[in-house]
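Colleague: Just dropping this structure here.
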Amino acid sequence: MPNSEPNSEPNSEPNSEPHAQPPRARRFARRTRAMEASAIREILKVAASPDVISLAGGLPAPESFPLDLMPGLLQAVLTRHGAAALQYDASEGFRPLREALAPHLAARGVEATAEQVLVTSGSQGALDGIGKVLISPGDVVVMEAPTYLGALQAFNPYGPRYVQVETDEEGLLPASLEAVLARERVAFVYAVPTFQNPTGRTLSRERRIQVARILQQHDTLLVEDDPYSDLRYVGEALPPVRALAPEHVVYLGTLSKTFAPGLRVGFCVAPAEVQRLLVIARQGVDLHTSTLSQALAAEYLEGGHLDARLPATLDLYRPRRQALLDAFERHLPEGFRWTRPDGGMFLWVQGPHGHGRPPLDTERLYQRAVLRGVAFVPGRHFYVDGDSPAARASMRFNFTASEPEILDHAVRLLAEAIDEELAAQA
């Protein structure tokens, strides 16, 4: 008699599920191999703990935000522009803001009509657009060493080959730039000439003139990133390189440091053929910067609020800068050096390295410092190649987001961590 029991093999069941198949390997674009999470953003996650004093992020002080003006600015925007402030708008930018930015730029030494101003989603949005329209895989991009980490993040997916120019306390060395341009065909040079991120250094007037001449001589573009020049605490303003070689400079700026970073309003002035491509490139990304954010920024500029409030912001930051300098002098051990910038948001500390002694490893130091309750950014993240002893022994600190007494306490905690780390290396 045939077996009347159902077949015990699972696949013979009429309603059985097929064997699970392994998930197919995802196919991502090759450019994703060059995409990494921001080291600073990852550090900020740790530093966000209420038990940690963070000197890591480049954050403006919340006290500098014009909270008292925002209801009036919003009401003025809605009264003046109505539904247009909430509507799609031109990729080039909201016309009233471009008109307001023209005199703002002129005060910096950048001559541009409203038609020549492109509004971007922060200057970071412009950096991505620049990578998209100016970098082909393998192209040479010239960078300072160290340089702004956000620029590396924006450019990396487009596959450049980086060449570093040497720097000193006055910024990049023109002779080094000239040597690079003489031997390399480059896509562009990227620099932050004024209160550089991460070092706070400023390119001297004489060197700006030299750099402008070198750019013209080699017919090379400079991407001049200028987010900090309004934050000058001592000394006299210097002309942007754009003022000295306008056809060879793509000039970037932002209102994030002097209005509100969350509104994401930046701006760009570039040679006409570059500007045209930047407009086309951003149409496939975000169409345009938030119309409401732009309208608020226009009211802020047109009403004279930025000029009126900037002195108070400088008065807020100036003693914080000095407090951090004093704290370094008071607490850091022998063998450490630091920058003394005239403005901006950052100080750069160089720890001991070389001379027959093991270099300080600031990534290990960071772990010790966080346990003690203070955070900074290890300097190696600001280098194309961060494995040199000098890079590994460096650190970046922000002073704008903390009160003077907090800064002193944080550096005292840092010094304790440094003593512990140096003792462990001995």
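Colleague: Please enumerate the residues belonging to the stretch 367-425 that are among the acidic types (Asp, Glu) and touching a Leu at 6+ places or on another chain (Cβ under 7 Å).
Modeller: GLU421
Colleague: If a residue has to be assigned to a helix (DSSP H, G or I) and either of a type in the set (S, T, N, Q) or buried (at least 22 other Cβ atoms within 10 Å of the Cβ) (or both) to count, how many in the stretch 330-364 make the cut?
Modeller: 1
Colleague: Quick check on GLU169: is it surrounded by fewer than 17 Cβ atoms within 10 Å (Cβ to Cβ) and closer than 23 Å to GLU247 by Cα?
Modeller: Judged against the criteria, GLU169 is not a match.
Colleague: To continue, here is another question. Against the conditions (1) in contact with a Ser or Thr (Cβ under 8 Å, 6 or more places away or on another chain); (2) surrounded by fewer than 20 Cβ atoms within 10 Å (Cβ to Cβ), where does GLY284 fall short? Just the number, please.
Modeller: Every listed condition holds for GLY284 apart from (1).
Colleague: Identify, by number, the condition in (1) within 24 Å of the chain's Cα centre (by Cα); (2) over 16 Å from LEU278 (Cβ atoms); (3) surrounded by fewer than 20 Cβ atoms within 10 Å (Cβ to Cβ) that ARG80 doesn't meet.
Modeller: Every listed condition holds for ARG80 apart from (1).
Colleague: Scanning the stretch 296-311 for residues that are assigned to a helix (DSSP H, G or I) and without any contact (Cβ under 8 Å) to a residue 24 or more places away in the chain, which turns out surrounded by the fewest Cβ atoms within 10 Å (Cβ to Cβ)?
Modeller: PRO311
Colleague: Now for a different question. Take the stretch 136-166 and flag every residue that is among the acidic types (Asp, Glu) and either touching a Pro at 6+ places or on another chain (Cβ under 6 Å) or closer than 19 Å to VAL249 by Cα (or both).
Modeller: Passing the criteria: ASP139, GLU144.
Colleague: While we're here: If you check ALA270 against the conditions, is it out of contact with any Cys (no Cβ under 9 Å at 6 or more places or on another chain), under 23 Å from LEU149 (Cα atoms) and among the aliphatic types (A, V, I, L, M)?
Modeller: It is true that ALA270 is out of contact with any Cys (no Cβ under 9 Å at 6 or more places or on another chain), under 23 Å from LEU149 (Cα atoms) and among the aliphatic types (A, V, I, L, M).
Colleague: Report, by residue number, each residue of the stretch 215-265 that is assigned to a loop (DSSP other than H, G, I, E, B) and among the small types (Gly, Ala, Ser).
Modeller: SER229, GLY235, ALA237, ALA245, SER256, ALA260
Colleague: VAL186 versus (1) in contact with a Ser or Thr (Cβ under 7 Å, 6 or more places away or on another chain); (2) surrounded by 22 or more Cβ atoms within 10 Å (Cβ to Cβ); (3) β-branched (Val, Ile, Thr): which is the lone unmet condition?
Modeller: With (1) in contact with a Ser or Thr (Cβ under 7 Å, 6 or more places away or on another chain); (2) surrounded by 22 or more Cβ atoms within 10 Å (Cβ to Cβ); (3) β-branched (Val, Ile, Thr) applied to VAL186, the lone miss is (2).
Each reported figure results from applying straightforward, stated rules to the coordinates on display, with no laboratory input. Keep in mind that this is a model prediction, so the values were computed, not measured. Don't worry about glycine lacking a Cβ; one is built from the backbone with ideal geometry, like all the others, and counts go over all protein chains shown.
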